[in-house]
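Down below is the structure, laid out as structure tokens.
Any read-out appearing in this document is the output of simple, stated calculations on the displayed coordinates, not a laboratory observation. Everything numeric here is computed off the predicted structure, so don't read it as measured data. Here Cβ is always computed from backbone atoms with ideal geometry, including for glycine, and neighbour counts include all displayed protein chains.
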Amino acid sequence: MKAARFVVVSCMAAAVALLGASTSAQSQQRQPSDAGAPAPSSLPACVSVSTQARYVPYGYNHVVILKNGCSKSATCSVATDVNPQATSVDVPSISTLEVLTFTASPAQTFIARVGCTLH
């Protein structure tokens, strides 16, 4: 009888350990609210970039948000790991512009690659 209890307890402990490992792996996979925007690399200090994955039927729209706080307008090149085809946009001074880079993607996460120059 003691051996049977030991086997049952051992099986339960293994199941709890597996469940805990699965839960911690899921919590590590959660994405930040900006959907993975990288630290800006070739951006003027007054231009900021953020990203959003907006849920729509059949997937997520990937949006890169460019905020130009400069006194000059900026020309930015926007690409992502999901859509590597770069798009060039002009962002007027003291304004915010949203760039839709992919529609109805099955993936919620993406990484934006943005470079801007002032003119």
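Multiply the residue separation of residue 97 and residue 73 by 0.36 nm, subtract the distance between their alpha-carbon atoms, and state the gained length in nm to one decimal.
Numbers: separation 24, 0.36 × 24 = 8.64 nm, distance 1.17 nm.
Additional length available on full extension: 7.5 nm.
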Under 5 Å, built H, 5+ apart or other chain: amide partners of residue 51
37, 65
Would you grab the residues whose amide H sits under 5 Å from the one on residue 87? Only those 5+ places off in sequence or on another chain, please, with H modelled 1.01 Å from N.
78, 79
Here the gain from full extension of residue 45 to residue 65, 0.36 nm per residue of separation minus their alpha-carbon distance, amounts to 5.7 nm
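Taking 0.36 nm per intervening residue step and subtracting the Cα-Cα distance, what contour gain separates residue 89 from residue 104 on full extension? All intermediate terms of the calculation are to be shown ahead of the outcome.
Numbers: separation 15, 0.36 × 15 = 5.40 nm, distance 2.17 nm.
In short, 3.2 nm is gained.
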What is the order of 81, 90, fewest Cβ neighbours within 10 Å to most?
90, 81
